[in-house]
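Contents: one structure, followed by commentary.
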Amino acid sequence: MKVGLFVPCYVDMFHPETGIATLELLERFGLSVEYPVDQTCCGQPMTNTGCEREAARTEELFVRNFDKYDYIVTPSGSCTNQVRNNMTAIEQSDAVKHVRSRTYELVEFLHDVLKVDAFPWAEFPHRVALHNNCNTLRNLRIASMTERREEPFSKPKALLKMVKGIEFADLTRPDECCGFGGTFSVFEEGVSAKMGQDKVTDQLKSGAEYVTSSDSSCMMHQEGCARRMGANLKYIHIAEILNGARA
C-alpha cells in the first residue's frame, strides 16, 4: 500500500510535531509513506469564503501531487472534507475522482482501512477530553451525533481506548462547535471567541488535564482561548498520543 501524506498548511506552520507524529505512526504499520514536497493547500480557505473558482489551481496542484497514491492520509478532518466533498472547482477527471475518493482523515484511515487493533508502544496516563471537529463529525461521521437518534459510536475513542493508562473526561456538550470555523473566527471574532470560551469552560468542568482532537485548527483556537482565560489545560493532537507521546 502506497500512501501520500498531506500535511495541512496550519499544521505545517504551527504544529509540525503533528505532521511528524502522523508520518511515524503510519510507518509503524509498515506502510510506504511519501510526502510530496511541493504540496501546498487543499483549497479550503477559498471555498469557505465563497471563492470556489479561485481554488482551482490549488486543487489542480493537489491532484498532481497525490493522484499516484493508493491512499492520501491527513491529520485533519476539515481538509479531508474539503477534498472529498468540496473539490469541485476543476473538471472531475478520473484522477480527481481517485484523489477525492481515496483521501482519508488519519483516525478513519486507522479505524476503517487498516482496522488497527493495538498500539503497544502508546501510554498516556492522563485524563483526556475529546473534541470532534464539526466537519469531521457531521460530514465524515467519525462519531455519532447527539442531535441524531442513533446508536453511540466514536472512532477516535475506540482507538484511544487501546492506549495504556488513558482516562476519559466526558463533556456536557460534546458536539458543540468551538467557534473556530476557519474564516468564521476572522469575520466573527467576538462570537468565535465566546464559543471558544464556552468550550474551554466545559472542558475545565469535566476535570480534563488534556484535550485531544484529530484537528489541530480547533485545538489552536481553543488553546488560545484557554491561555487568555488562565485555564490549566493542555492540548495535543490524537496522532501524537497514538504514536506514543510522553507528556
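Where a number appears in this text, it was derived from the coordinates with a stated rule and is not lab data. Model, not experiment: these values are computed from the prediction. We place every Cβ from the backbone using ideal geometry, glycine too, and count neighbours over all the protein chains shown.
Some observations on this one:
- Scanning the chain for trypsin sites (Lys or Arg not before Pro) lying in DSSP loops with no more than 16 further Cβ atoms inside 10 Å, the longest uninterrupted stretch between such sites is 162-245.
- Put the Cα centre of region 132-153 next to the Cα centre of region 1-52 and the gap is 23 Å.
- Under a model in which nothing but the beta-carbon of Lys, Arg (+1) and Asp, Glu (-1) is charged, region 129-247 shows a dipole of about 260 debye around its Cα centre.
- Model label sites at VAL186 and ASN85, defined 7 Å from Cα along the beta-carbon direction, differ in position by 2.2 nm.
- Cα lying deepest toward the dipole's positive end in region 201-247, options ASN232, ALA208, ASN243, charges on Cβ: ASN232
- Taking 0.36 nm per residue of sequence separation and removing the Cα-Cα distance, the VAL113/LYS205 pair yields an extension gain of 29.6 nm.
- For the chain, DSSP calls about 5 percent of its internal beta bridges antiparallel.
- Overall, the chain carries a charge dipole of about 380 debye about its Cα centre when +1 sits on the Cβ of Lys and Arg and -1 on the Cβ of Asp and Glu, all other atoms neutral.
- Antiparallel DSSP beta bridges within region 102-247, percent to nearest 5: 10 percent
- If R0 is taken as 30 Å, the Cβ-Cβ distance between MET220 and SER93 corresponds to a FRET efficiency of 0.30.
- FRET efficiency, 1/(1 + (r/R0)^6) with R0 41 Å, evaluated for ARG64 and ALA231 via beta carbons: 0.40
- Label-reachable residues, region 166-185, where backbone N falls under 20 Å from a point 7 Å from GLU17's Cα toward its Cβ: 166-167
- Distance in nm between pseudo-label sites at ALA193 and LYS2 (7 Å out along the Cβ direction from Cα): 4.9 nm
- Measuring gaps between exposed loop sites in the chain (chymotrypsin sites (Phe, Trp or Tyr not before Pro); DSSP loop; at most 16 other Cβ atoms within 10 Å), the longest gap, sites not included, is 154-247.
- With an a/c value of 1.5 or above and a/b larger than b/c for the gyration tensor axes a ≥ b ≥ c computed over the alpha-carbon atoms, region 1-128 is described as prolate.
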